[in-house]
Amino acid sequence: DMLRAILYAGYRFNDRFLVNTEIEFEHGSTDKSGSASVEFAYVEYLHNEQFSLRGGLLLLPMGLTNEFHEPNVFLGTTRPQSERYIIPTTWREGGIGGLASVGNFNFRVYAVNGLNAAGFSASGIRGGRQKGSKALAEDMAIVGRVDYSPTPGVFFGGSLYQGGSGQGQYSLGENSLKVPTTIFEVHGQAQFRGWDLRGLYAANYIGDAFELNLARGLPSDSAIAERMMGGYLQAGYNVLSRRHDTMALTPYFRYEVVDTQNKVPFGFTANPAYDRTFYTLGLEFKPIYNIVVKGDYQWHRNALQSGINQFNIALGYSF
């Protein structure tokens, strides 16, 4: 599968204004299962080195891979499942926001259109992304992030998303369902002396979940949960770090848990197939920083004992 081919175009109008865009083609051809999408597109006003404003189609500043998801910047042939179903990476919405830095702290706050609960399911909220495509904006959202970097290559922080997802589509009796949605995550990353260490925990909370399940007529074991959670710990070590400045060979391991029905509304039943654990063991090789070849084996476990293991090989590049 030619999973993704992404074209970047940016332009700096002057010292204050610039534009950044990414156009993404997925799965090789739109004649089959592929698609063409705008990954992000925004205008940025640079007030000074410490503060700027952005407006347009924005990548939400959550997690470790949503804003930085090029294949040569994260370990693994696939992105972590927590940053797929709990944080629905790659996640972009239309909006406006600001970026600031104070000392070793970095801040981002955006106002964007909310998610669409029509796309929520027992497997997560990924289907609720609107991607700036004629997005419903009856309900809006705020997302904020803070990171602290005590030294180059090391940072940790967290982010919080809060907004409605009903978009005026559902009601129970005379009451319109707002489906308030909260997502929070904490993360950390350290890259030093050949080591690449990362960790993340994320959870989301869906308000009006009981009423939403009734309004959508979902079966008891396919309910949208009130709470979903996931997280991972990952470690890799470049065994060539003391011999080569440009070449890297990095074995890595990732342990991850994801439960998209961690808490279901009263009267509904959690499906044990959605309580999952993933073990990923792999190796990546970079002849230069911009090119990566990686392969890994993933053990998929769930409480229903129906997980299917898989072996992956990927070739990636960026420039």
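Annotations for the structure displayed:
- Apportionment of accessible area to carbon and sulfur, the chain, percent (1.4 Å): 58 percent
- Net lengthening on full extension, residue 279/residue 306 (0.36 nm per residue, minus Cα-Cα): 8.2 nm
- Estimated 222 nm signal from helices in the chain, with DSSP H stretches of n ≥ 4 weighted -39500 (n - 2.57), rounded to 500: -500 deg cm²/dmol
- Averaging the sequence gap over all C-alpha pairs within less than 8 Å and six or more residues apart, then dividing by the number of residues, gives the chain a relative contact order of 12 percent.
- The range 19-137: relative contact order in percent, alpha carbon pairs under 8 Å with at least 6 residues between: 20 percent
- Farthest towards the positive end of the charge dipole of the chain, among the residues 14, 235, 272, is the Cα of 235, using unit charges on the Cβ of Lys, Arg, Asp and Glu.
- Matching label, log10 I(q)/I(0) by the Debye sum over Cα atoms at q = 0.09 Å⁻¹ computed from the structure shown, candidates (i) -0.45; (ii) -0.50; (iii) -0.55: (ii)
- Under 28 Å from the Cα of residue 263 - lysines, other chains or at least 8 residues apart: 131, 178
- Over the chain, accessible surface divided per residue gives 50 Å², non-protein components excluded, 1.4 Å probe.
- Protection proxy ranking, peptides 86-98, 119-131, 300-312, average beta carbon neighbours within 10 Å, highest first: 86-98, 119-131, 300-312
- Summed residue charge, Cβ within 15 Å of residue 7's Cβ, Lys/Arg positive, Asp/Glu negative: -4
- Cα-centre dipole for the chain with unit charges at Cβ (Lys and Arg positive, Asp and Glu negative), debye to 20: 500 debye
- Once the chain from residue 5 to residue 32 is taken as fully extended at 0.36 nm per residue, the excess over their C-alpha distance is 8.2 nm.
- Cut-off 10 Å between beta-carbons: net charge of the residues surrounding residue 160, Lys and Arg +1, Asp and Glu -1: 0
- Cα-based reach from residue 286 at 19 Å (exclusive), listing aspartates and glutamates while leaving out same-chain residues under 8 positions away: 70, 196, 245, 296
- Virtual paramagnetic centre 7 Å along Cα→Cβ of residue 244, amide N under 16 Å, in the range 275-311: 283-295
- Between residue 105 and residue 23, the modelled label-to-label distance comes to 4.1 nm, taking each label 7 Å out from Cα in the direction of the beta carbon.
- A cut-off of 5 Å between modelled amide H atoms, ignoring neighbours fewer than 5 places along the same chain, links residue 263 with 226, 227.
The values are calculated or read from the model by the stated rules, or taken from the named source; none is laboratory data. Owing to the predicted nature of the structure, the values given are computational and were not obtained by experimental measurement. A quick note on method: Cβ atoms are made from the backbone with ideal geometry, for glycine too, and the neighbour counts reach across all protein chains shown. Accessible surface is based on the protein model in full, side chains and every heavy atom, while ligands, DNA and RNA are left aside. Shrake-Rupley method; radii C 1.70, N 1.55, O 1.52, S 1.80 Å.
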